[in-house]
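Read the structure below first, then the notes.
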């Protein structure tokens, strides 16, 4: 016979609504805890990545330079310097520097600019320091130097030409082509007879002083002519102004230091007679 207590006792295998509610609540709490832990873990990894990749490099870059202004001469820590003082300090600081030595070409230019040559390695048998003497078209033998191809020039002009020719040969792989150079007095008369007004008066020609060359027609035009126009003056050789205007002679070139010293283009040169000239005492 059952009693009221037996009727109220829980049936085996059957959970009350209260128990189920408690268990459900516990399950929700467990899942919420796992979710928070997962979020915190991921957030920690992301924060560590940002710290390692962004914040640390920025701090490492800025920190070493934090006291840069104080390291400038004349700037005192704790004081706010002006922009100019922070940048310059008490004044400009000189920095030592080693400049490269000039190359061989620069040395040749410096030598040419001085208008004075010693014996050239490109014309070793010619000494420009011995001086020269003689009349126009009648220079003494030791006043002249051979420049090859049967051509000669006054010794100083010859050395300058040898230097120019060497530079030309580096550019074009050959020597400057010449059709004429020093011209004797008899040669001047022959040239005057064949060329008329184009030739200078015998006894006055710059060729007679050993200070002029005539280029082959092939070198008196085109790129070779342009190159000579640009570089010839470095060694004293020029195509004079009259050869570009009153007479068109792009092949005629003169050694400018020599013609200037003789006053070839001075007012009295053409009015005086053929006189003896010398650079020797």
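The values are calculated or read from the model by the stated rules, or taken from the named source; none is laboratory data. Given the structure is predicted, the values throughout are model-derived calculations rather than measurements. Counting neighbours? That spans all protein chains shown, and the Cβs are built from the backbone with ideal geometry, glycine included.
Quick notes on this one:
- Some residue of region 146-157 being part of a strand (DSSP E or B), under 18 Å from residue 243 (Cα atoms) and touching a strand residue (DSSP E or B) at 6+ places or on another chain (Cβ under 9 Å): no
- Members of region 173-194 found to be within 22 Å of residue 143 (Cα to Cα), free of Cβ contacts under 8 Å to residues at least 60 places away in the same chain and surrounded by fewer than 19 Cβ atoms within 10 Å (Cβ to Cβ), listed by number: 180, 184, 185, 186, 187, 189
- Residues located in region 195-249, provided they are without any contact (Cβ under 8 Å) to a residue 40 or more places away in the chain, within 30 Å of the chain's Cα centre (by Cα) and surrounded by 20 or more Cβ atoms within 10 Å (Cβ to Cβ): 239
- Residue within region 168-176 that is touching a helix residue (DSSP H, G or I) at 6+ places or on another chain (Cβ under 7 Å), over 28 Å from residue 272 (Cβ atoms), assigned to a loop (DSSP other than H, G, I, E, B) and at pLDDT 95 or above present: yes
- Residue 142 falls short on exactly one of the conditions (1) at pLDDT 95 or above; (2) assigned to a helix (DSSP H, G or I), and that condition is (1).
- Test: residue in region 210-230 that is within 29 Å of residue 272 (Cβ to Cβ) and assigned to a helix (DSSP H, G or I): no
- Leading residue by the ranking (nearest to the chain's Cα centre (by Cα)) among those in region 250-264 that are within 14 Å of residue 207 (Cα to Cα) and in a loop (DSSP other than H, G, I, E, B): 251
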